[in-house]
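Structure record follows, encoded as structure tokens.
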Amino acid sequence: MSTTFAVGDLTVHRIVEMEFPFADPMMLFPDLTPELLAENRGWLLDTGALDLESGKLLFCFQSYIVRTPHHTILVDSCIGNEKERATRPNWHQKRDDTWMRRLAAIGLGVGDIDVVMCTHLHADHVGWNTRLENGRWVPTFPNARYLFSEREYNHWAAEHAKTPIACIADSVIPIVEAGRAELVSSRHAVDDHVRLMPAPGHTPDHFAVELGRGRPQALMTGDLIHSPLQARYPEITMRFDSDSAQAAATRRSFLQGACNDGTLCCTAHFPSPSLVRFSPWGEGFRCETG
């Protein structure tokens, strides 16, 4: 379930933790109508985005490892083990070695990761930040610095202070308390090959990740787009977007730019192989496997 590919002089690996029919499209996208879903059902089934038996959208939950000449970078740390996620049965108190086995399969261990980057601070993007050791959450990657958007972190820390948020408590704050967090702008450059790109809307300071020396050769989308259906209709927003209007504007701008440049897009949740390029399709965009 891991895929390795080159982006210029970079090597990129997908680390898939799980992939399954995740949610009813009408639940996930409140703007979606039964008529619009029916109109698009055929191509969604043909491309594997929609599961025939359950009628749910097929989602991949994964991380990307980027090996540059300077660093080994983990982009989004997925779901993790032993986390309290009562509203998500597939994630709740999970105890399996899938993610770690797939990391080992590409010849890496936790000590080889130099930088951990979280596009945003939702539970399925921060889970392996920490592991449980003697009843305490400790950094999983002992030699890594963890990059969080400062604005994103401040927002969720304030929300957590008002009402506890499990993933902030077990997967974010322990990194800060261990002195391993680096709070950065969402325009931060890691090195001459890897840069952050602001992509707000899903969360207040969500970022995407640009790969390529001098110019973007690939883009890691994070959660600025969740399904190929949102490429066809960029204004269809997702239930968990913090600012639906901003998310839609970000998505359309991103898709137009990626379409114009023919850029390879490494999506967070599209079904495998998750690597796509976008082309025009009416007033929206079509996904073509990268």
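For region 33-60, what are the residues that are more than 17 Å from Tyr233 (Cα to Cα) and basic (Lys, Arg)?
Lys56
Looking at Glu35 and the list (1) within 24 Å of Cys266 (Cα to Cα); (2) acidic (Asp, Glu); (3) modelled with pLDDT of 95 or more, which single condition is not satisfied?
Every condition holds for Glu35 apart from (1).
Residue-by-condition table, conditions (1) among the small types (Gly, Ala, Ser); (2) without any contact (Cβ under 8 Å) to a residue 40 or more places away in the chain; (3) out of contact with any strand residue (DSSP E or B) (no Cβ under 8 Å at 6 or more places or on another chain):
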site: Lys162; (1), (2), (3): no, yes, yes
site: Ala166; (1), (2), (3): yes, no, yes
site: Asp170; (1), (2), (3): no, no, no
site: Ala181; (1), (2), (3): yes, yes, no
site: His193; (1), (2), (3): no, no, no
site: Ala208; (1), (2), (3): yes, no, no
site: Leu219; (1), (2), (3): no, no, no
site: Asp223; (1), (2), (3): no, no, yes
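Consider Leu108 carefully, then state whether it is of a type in the set (A, V, I, L, M), part of a helix (DSSP H, G or I) and either buried (at least 21 other Cβ atoms within 10 Å of the Cβ) or at pLDDT 95 or above (or both).
Details: of a type in the set (A, V, I, L, M): yes; part of a helix (DSSP H, G or I): no; either buried (at least 21 other Cβ atoms within 10 Å of the Cβ) or at pLDDT 95 or above (or both): yes.
No, not satisfied.
Of all residues in region 58-82, count the ones that are in contact with a Gly (Cβ under 7 Å, 6 or more places away or on another chain) and either free of Cβ contacts under 8 Å to residues at least 60 places away in the same chain or in a strand (DSSP E or B) (or both).
Number of matching residues: 1.
Working carefully through the options Leu74, Leu44, Leu58, find the one that is within 17 Å of the chain's Cα centre (by Cα), over 29 Å from Tyr146 (Cα atoms) and modelled with pLDDT of 95 or more. Even if it seems obvious, please write down each step before you answer.
Working: Leu74 fails: over 29 Å from Tyr146 (Cα atoms); Leu44 fails: within 17 Å of the chain's Cα centre (by Cα).
That would be Leu58, the only listed residue that is within 17 Å of the chain's Cα centre (by Cα), over 29 Å from Tyr146 (Cα atoms) and modelled with pLDDT of 95 or more.
Out of all the residues in region 155-178, is one or more touching a helix residue (DSSP H, G or I) at 6+ places or on another chain (Cβ under 6 Å) and of a type in the set (Phe, Trp, Tyr)?
Checking region 155-178: at least one residue is touching a helix residue (DSSP H, G or I) at 6+ places or on another chain (Cβ under 6 Å) and of a type in the set (Phe, Trp, Tyr).
Take region 5-30 and flag every residue that is farther than 21 Å from Gly48 by Cα and either in a strand (DSSP E or B) or of a type in the set (A, V, I, L, M, F, W, C) (or both). Don't jump to the end; show me each part of the working.
Taking region 5-30 as the starting set, the residues that turn out to be farther than 21 Å from Gly48 by Cα are 5-13, 30.
Hits for region 5-30 are Phe5, Ala6, Val7, Leu10, Thr11, Val12, His13.
Residues that are surrounded by 22 or more Cβ atoms within 10 Å (Cβ to Cβ) and within 29 Å of Asp241 (Cβ to Cβ): does region 96-105 have at least one?
Initially, region 96-105 is screened for residues surrounded by 22 or more Cβ atoms within 10 Å (Cβ to Cβ), giving 99, 103.
Narrowing further to those that are within 29 Å of Asp241 (Cβ to Cβ): 99.
The answer is yes; a qualifying residue exists.
Counting only residues that are in a helix (DSSP H, G or I) and out of contact with any Cys (no Cβ under 8 Å at 6 or more places or on another chain), which one in region 111-140 is surrounded by the most Cβ atoms within 10 Å (Cβ to Cβ)? So that I can check it myself, show each step before the final result.
Let us first name the residues in region 111-140 that are in a helix (DSSP H, G or I), namely 111-112, 123-125, 127-129.
Still in the list and also out of contact with any Cys (no Cβ under 8 Å at 6 or more places or on another chain): 111-112.
Numbers: Gly111: 10, Asp112: 16.
The qualifying residue surrounded by the most Cβ atoms within 10 Å (Cβ to Cβ) is Asp112.
Six or more apart or on different chains, Cβ atoms under 7 Å: show the pairs whose first residue is in region 133-155 and more than 13 Å from Ile175 (Cβ to Cβ) and whose second is of a type in the set (Lys, Arg).
none
For region 251-267, how many residues meet the condition of being exposed (fewer than 14 other Cβ atoms within 10 Å of the Cβ) and within 16 Å of the chain's Cα centre (by Cα)? Show your work before the answer.
Taking region 251-267 and keeping what is exposed (fewer than 14 other Cβ atoms within 10 Å of the Cβ), we get 253, 260, 262.
Among the residues that remain, those that are also within 16 Å of the chain's Cα centre (by Cα) are: none.
Total satisfying the criteria: 0.
Could you run through region 87-105 and say how many residues are of a type in the set (Lys, Arg) and either outside any loop (DSSP other than H, G, I, E, B) or in contact with a Cys (Cβ under 9 Å, 6 or more places away or on another chain) (or both)? Outline the logic, then answer.
First pass over region 87-105, keeping only residues of a type in the set (Lys, Arg): 88, 94-95, 101-102.
Add one more test, that the residue is either outside any loop (DSSP other than H, G, I, E, B) or in contact with a Cys (Cβ under 9 Å, 6 or more places away or on another chain) (or both), and what stays is 101-102.
Here the count works out to 2.
Under 7 Å by Cβ, and 6 or more places apart or on different chains, what pairs join a residue from region 251-274 that is without any contact (Cβ under 8 Å) to a residue 40 or more places away in the chain with one that is assigned to a helix (DSSP H, G or I) and surrounded by 18 or more Cβ atoms within 10 Å (Cβ to Cβ)?
From residues that are without any contact (Cβ under 8 Å) to a residue 40 or more places away in the chain, the pairs are Leu255/Ala231.
The values are calculated or read from the model by the stated rules, or taken from the named source; none is laboratory data. The structure displayed is predicted, hence computed values, not measured ones. Methodologically, a virtual Cβ is constructed for each residue, glycine included, from the backbone with ideal geometry; neighbour enumeration extends over all protein chains shown.
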